[in-house]
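Take a look at the structure below.
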Amino acid sequence: MIEANEPAAPGWQPLPPWQREAAAAALQARARWPQALLIVGRRGIGKRILALHFAQALLCEQPNADGSACGRCPSCIYVVNGSHPDLRLIEPVERDDEGNATPADEIVIARVRELIEFTQLSTHRQRAKVAVIVPAETLNAAAENALLKTLEEPPAATYLILVSHQPGRLRATIVSRCQLLASPEPDNDAAIAWLSAQGVREPQLSLAQAGRAPLLALTLADPVVQRERELLL
């Protein structure tokens with residue numbers, strides 16, 4: 001798993017066009033930004049990307065007047081490169097003794113304890129500390145319990161962004177401690193246009209195969225992924 005005392009792993013992508021309006025509206029209210037935010041929506045529509053853009057804006061050293069990240073300061077560059085010391089990305093991934101990563105079914109309490117320790121440390125860049133938990137519904141029961149107090153009383157200048165594909169699986173006490181943001185979804189035309197711009201040869205077919213989830217469609221259209229799927233058939 002990505003340890004909570006390690007900087008976030010790379011995973012930066014440009015914000016999809018259907019997310020931009022919601023992102024702009026949220027960042028315009030940056031002065032009232034919640035310390036615990038829960039982004040919800042279907043899998044594969046860009047919620048993780050949106051969360052990382054929010055994290056970049058919160059960590060930016062020279063934010064624009066509208067609250068968005070400048071994209072040029074050292075903190076912005078660190079986020080894009082996956083090396084910002086004040087950002088943690090917590091996902092259900094395990095690492096063996098050699099450092100090889102494999103997907104896991106859940107986020108365990110040890111990772112949340114490390115995250116809590118991170119929230120209690122001083123910042124490196126004197127701006128804020130941000131943790132992104134995705135997907136939040138993979139927190140096991142013990143991990144959820146451990147996270148509750150931090151969600152209720154987060155340290156100053158500390159922001160928790162939870163991302164959930166299935167918020168109904170989260171316990172009510174987790175949800176009640178977060179401000180909710182429903183992620184926008186693209187219509188078919190917008191999703192197909194975006195996939196075409198990414199170089200997908202048959203965007204309409206790829207989108208249909210992915211259940212109208214454009215980020216998943218982009219992954220499935222990758223030649224390496226296609227070959228792996230063919231080997232399983």
Scanning segment 197-233 residue by residue, those at pLDDT 70 or above and β-branched (Val, Ile, Thr) turn out to be Val200, Thr219
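Could we say that Ala143 is crowded, with 21+ Cβ neighbours inside 10 Å and at negative phi here? Spell out how you get there, then give the answer.
Working: crowded, with 21+ Cβ neighbours inside 10 Å: yes; at negative phi: yes.
So Ala143 passes the test.
Being assigned to a helix (DSSP H, G or I) and either basic (Lys, Arg) or in contact (Cβ under 8 Å) with a residue 60 or more places away in the chain (or both) is the filter here, so list the residues in segment 35-56 that pass it. Steps first, answer last, please.
Pass one, segment 35-56, residues assigned to a helix (DSSP H, G or I): 47-56.
Correct list: Lys47, Arg48, Ile49, Leu50, Ala51, Leu52, Phe54, Ala55.
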Neighbours by Cβ (under 7 Å, 6+ apart or cross-chain): first from segment 9-24, closer than 15 Å to Ala182 by Cβ and among the aliphatic types (A, V, I, L, M); second modelled with pLDDT of 95 or more and outside any loop (DSSP other than H, G, I, E, B):
Ala23/Leu50; Ala23/His53
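In segment 174-199, how many are of a type in the set (D, E, K, R) and buried (at least 20 other Cβ atoms within 10 Å of the Cβ)? Reasoning before the result, please.
First, pick out the residues of segment 174-199 that are of a type in the set (D, E, K, R): 177, 185, 187, 189.
Filter once more, so that each one left must be buried (at least 20 other Cβ atoms within 10 Å of the Cβ): 177.
Residues meeting the conditions: 1.
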Kindly evaluate Leu148 against the criterion of being aliphatic (A, V, I, L, M), in a helix (DSSP H, G or I) and more than 25 Å from Leu215 (Cα to Cα).
yes
Pairs needed: first member in segment 122-151, more than 17 Å from Leu89 (Cα to Cα) and not assigned by TED's automatic domain parsing to the domain that holds Gln35; second member anywhere, among the acidic types (Asp, Glu) and modelled with pLDDT of 95 or more; C-beta distance under 6 Å; at least 6 residues apart or different chains.
none
Looking at (1) touching a Leu at 6+ places or on another chain (Cβ under 9 Å); (2) closer than 20 Å to Ala172 by Cα, can you tell me which one His53 breaks?
(2)
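Filter segment 107-145 down to residues that are of a type in the set (Val, Ile, Thr) and outside any helix (DSSP H, G or I) and give me whichever is farthest from Ile174 (Cα to Cα). Talk me through it step by step, then tell me what you get.
Taking segment 107-145 as the starting set, the residues that turn out to be of a type in the set (Val, Ile, Thr) are 107-109, 112, 116, 119, 123, 130, 132-134, 138.
Restricting the remaining residues to those that are outside any helix (DSSP H, G or I) gives 107-108, 123, 130, 132-134.
Numbers: Ile107: 15, Val108: 16, Thr123: 25, Val130: 18, Val132: 15, Ile133: 12, Val134: 14 Å.
Here the answer is Thr123.
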Residue check: is Gln204 of a type outside the set (A, V, I, L, M) and farther than 29 Å from Ala57 by Cα?
yes
Would you tally the residues in segment 188-201 being among the charged types (D, E, K, R) and either in contact (Cβ under 8 Å) with a residue 12 or more places away in the chain or in contact with a Cys (Cβ under 8 Å, 6 or more places away or on another chain) (or both)?
1
Mind checking which pairs have a first residue in segment 169-181 that is assigned by TED's automatic domain parsing to the domain that holds Ala143 and a second that is loosely packed, with under 13 Cβ neighbours inside 10 Å and of a type outside the set (A, V, I, L, M), Cβ under 7 Å, 6 or more apart or different chains?
Arg177/Glu152
When every residue in segment 70-106 that is part of a strand (DSSP E or B) and either aliphatic (A, V, I, L, M) or not assigned by TED's automatic domain parsing to the domain that holds Leu58 (or both) is compared, the one surrounded by the most Cβ atoms within 10 Å (Cβ to Cβ) is Ile90
For the list (1) of a type in the set (Gly, Ala, Ser); (2) in the same structural domain as Tyr78 (by TED's automatic domain parsing); (3) at pLDDT 95 or above, I need the number of the one condition that Ala191 fails.
(2)
Does Ser75 satisfy the condition of being under 20 Å from Ser122 (Cα atoms) and either in contact with a Leu (Cβ under 8 Å, 6 or more places away or on another chain) or among the aliphatic types (A, V, I, L, M) (or both)?
yes
Residue that is nearest to the chain's Cα centre (by Cα) [pool: residues in segment 200-219 that are among the aliphatic types (A, V, I, L, M) and either on the phi > 0 side of the Ramachandran plot or surrounded by fewer than 17 Cβ atoms within 10 Å (Cβ to Cβ) (or both)]
Ala208
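The values are calculated or read from the model by the stated rules, or taken from the named source; none is laboratory data. This is a predicted model, so every value here is computed, not measured. Here Cβ is always computed from backbone atoms with ideal geometry, including for glycine, and neighbour counts include all displayed protein chains.
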